[in-house]
Amino acid sequence: MSTEQNQTVVVLDFGGQYKELIARRVRECKVHSQILAGNTPLDKLKAIAPIGIILTGGPHSVYAADSPHTVKELFEMGIPILGICYGMQLMAYTLGGEVKPCAVSEYGTVSATYEDTNCALFKGLERDTVTLMSHTDYVARLPEGFRRIAHTSDCPTAAMCDESRKLYAVQFHPEVERTKQGTQLINNFLYNVCGAKGDYNIDDVIEKQIKAIRAQVGAHQVVLGLSGGVDSSVCAAILEKAIPGQLTCIFVDHGMMRKNEGDEIERAFEGKSLNFVRVDAEKRFLDKLAGVTEPERKRKIIGEEFVRVFEEESSKFAGSFLAQGTIYPDVVESGLTTGAVIKSHHNVGGLPKDTKFIGLVEPLRYLFKDEVRALGRRLGLDETLVSRQPFPGPGLAVRCIGEITKEKLDILRDADFIYREELSKAGLKYDQFFAVLTNMRTVGVMGDGRTYNYVVGLRAVITSDFMTCEYAHIPYETLDVISSRIVNEVKGVSRVVYDITGKPPATIEWE
Ligand code: XMP
């Protein structure tokens with residue numbers, strides 16, 4: 001994506017788990033950000049000409065042999081720099097200060113005092129505040145030219161600055177919500193120190209992206225695999241706007257979508273100037289899955305079959321571009337910007353070998369999820385698509401425990417539909433919520449008769465990163481209604497249970 005007119009802040013990654021959060025916060029402050037490896041050569045940085053640089057935290061100690069380091073010249077380029085946590089220690093160490101192990105390590109929210117609320121970084125912030133700390137080392141002696149601007153009861157140097165060189169550093173994490181006024185602090189760095197103009201906004205992104213797509217694609221056709229998820233839907237919407245009439249969206253319906261979902265996806269794209277192809281592959285997938293009970297095998301079969309169906313369908317479009325809804329976290333986590341692989345994403349890393357496509361179009365490659373949603377809204381996509389909760393690629397296959405049959409999937413679809421409908425009626429929204437059809441049948445009694453039917457599990461979780469979660473405390477009254485509706489309206493269910501496990505030790509999905 002062309003962002004040459006946008007001012008940019010570079011986030012240099014030293015292994016911190018919050019690098020993406022820092023980059024997102026910068027963008028929330030209307031400044032474009034880019035994540036690069038901590039050892040990015042200075043020439044490359046100079047070529048980008050960032051208005052500021054932020055050094056992330058990291059799990060290391062500056063004195064450890066394998067810890068990532070930087071060079072003094074980084075701080076001599078005249079570019080404002082904010083060091084965070086390890087980034088502060090690295091700044092101090094590189095410029096001749098001293099870093100030592102803390103007498104008392106600080107983890108979690110800690111009361112802090114901003115000593116100088118007139119300095120550019122703390123302007124307008126409360127003097128007595130709360131910060132999120134997570135460190136075992138601290139800056140014991142400041143480098144020459146620096147002064148201390150914050151402390152906590154256990155950390156004498158919670159922040160430091162050398163205003164003449166526009167170098168600032170904080171031991172705490174301003175990017176996380178648990179640091180009070182943290183975003184305001186980042187905003188201060190951007191506007192009071194870096195001279196940001198605030199020229200980054202989503203309308204601008206749309207305009208630039210449309211130009212870039214047109215320039216790349218010319219008069220060629222583009223094929224996109226559409227799943228109905230947020231990323232592929234928004235990708236379709238922007239492509240349609242950029243190259244109306246040149247886009248074909250292939251929706252592989254594997255028969256394991258939720259109730260009415262396939263039709264809803266079809267309806268959402270109906271009437272747009274794109275060619276929507278729905279491939280009804282339910283039977284193919286169910287045949288392949290017959291008798292399979294092991295979760296990982298199910299996933300593998302579905303993944304492989306999916307690629308096969310998509311290849312067959314898209315083979316009619318040789319000589320076209322392939323579009324993908326890759327987003328920035330996929331790129332960052334695959335190590336393409338920083339060199340550190342967290343997990344490989346199947347959709348990152350270029351076109352497959354032996355491809356019949358002539359190139360790859362990835363209009364969302366530089367956007368975070370919340371930006372993708374904002375873009376979708378701006379492009380007029382239906383809110384149900386834009387704010388859709390995550391849905392696993394293998395669909396209901398991983399929520400239908402044991403062997404998968406059409407009959408079991410239909411029971412699950414009906415129970416899940418009631419569950420979602422009742423939560424919506426009650427005005428309850430959680431980060432992810434769904435029903436599971438267990439493979440267990442239990443005895444029940446209905447009317448005067450004995451029943452022997454399936455147990456449905458309900459799951460609702462609260463999470464922001466989906467790496468950990470807490471179970472949601474759904475009010476009992478709502479659970480009552482859901483349970484009685486499922487047992488009465490869904491044939492084949494005799495019992496409903498609610499999952500009260502967090503992650504860890506459980507996972508969000510049951511398989
Ligand atoms: P777990 O169950 O690992 O899930 O706690 C974390 C998040 O990932 C989603 N998930 C998947 N998404 N393909 C996907 O696209 C998959 O195979 C898959 N498995 C889990 C899950 O829904 C949750 O949001």
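Quick check on segment 172-187: of everything there that is assigned to a helix (DSSP H, G or I) and open to solvent by 10 Å² or more (accessible area, probe 1.4 Å), which residue is farthest from Val110 (Cα to Cα)? Looking at residues that are assigned to a helix (DSSP H, G or I) and open to solvent by 10 Å² or more (accessible area, probe 1.4 Å), I get Asn187.
The set of residues in segment 439-464 being under 19 Å from Arg399 (Cβ atoms) and open to solvent by less than 20 Å² (accessible area, probe 1.4 Å) consists of Val455, Val456, Gly457, Leu458, Arg459, Ala460, Val461, Thr463. When segment 475-511 is filtered for residues that are away from the ligand (no atom under 16 Å from the Cβ) and either under 25 Å from the mean Cα position of the chain (by Cα) or of a type in the set (Gly, Ala, Ser) (or both), the ones remaining, listed by number, are Ser483, Ser484, Gly492, Ser494. Taking first residues from segment 455-476 that are free of Cβ contacts under 8 Å to residues at least 12 places away in the same chain and assigned to a strand (DSSP E or B) and partners that are of a type outside the set (Asp, Glu) and surrounded by 18 or more Cβ atoms within 10 Å (Cβ to Cβ), no Cβ contact under 8 Å between residues at least 6 apart in sequence or on separate chains turns up.
What's the number of the condition Val277 fails, among (1) within 30 Å of Asp410 (Cα to Cα); (2) assigned to a loop (DSSP other than H, G, I, E, B)? Here Val277 meets the rest and fails (2). For segment 397-438, a residue qualifies if it is exposed (fewer than 15 other Cβ atoms within 10 Å of the Cβ), in a loop (DSSP other than H, G, I, E, B) and out of contact with any helix residue (DSSP H, G or I) (no Cβ under 9 Å at 6 or more places or on another chain), and exactly one does: Gly427. When Ile265, Ile238, Ile243 are checked against the criterion of being farther than 19 Å from Asp382 by Cα, touching a residue at least 24 places away in the same chain (Cβ under 8 Å) and either open to solvent by less than 50 Å² (accessible area, probe 1.4 Å) or in contact with a strand residue (DSSP E or B) (Cβ under 9 Å, 6 or more places away or on another chain) (or both), a single residue qualifies: Ile243.
The residues in segment 283-326 that are in contact with an Asp or Glu (Cβ under 9 Å, 6 or more places away or on another chain), touching a residue at least 40 places away in the same chain (Cβ under 8 Å) and surrounded by fewer than 18 Cβ atoms within 10 Å (Cβ to Cβ) can be counted, and the count is 6. Kindly provide the set of residues from segment 301-321 that are touching a strand residue (DSSP E or B) at 6+ places or on another chain (Cβ under 7 Å) and away from the ligand (no atom under 16 Å from the Cβ), ordered by number. If the condition is that a residue be touching a strand residue (DSSP E or B) at 6+ places or on another chain (Cβ under 7 Å) and away from the ligand (no atom under 16 Å from the Cβ), then Val309, Glu313, Ser314, Phe317, Ser320, Phe321 are the ones that fit.
The values are calculated or read from the model by the stated rules, or taken from the named source; none is laboratory data. These numbers come from a predicted model, not from an experiment. Note: ideal-geometry Cβ built from the backbone for every residue, glycine included; neighbour counts use all protein chains shown. Keep in mind that these areas ignore ligands, DNA and RNA; they rest on the heavy atoms of the full protein, side chains included. Shrake-Rupley method; radii C 1.70, N 1.55, O 1.52, S 1.80 Å.
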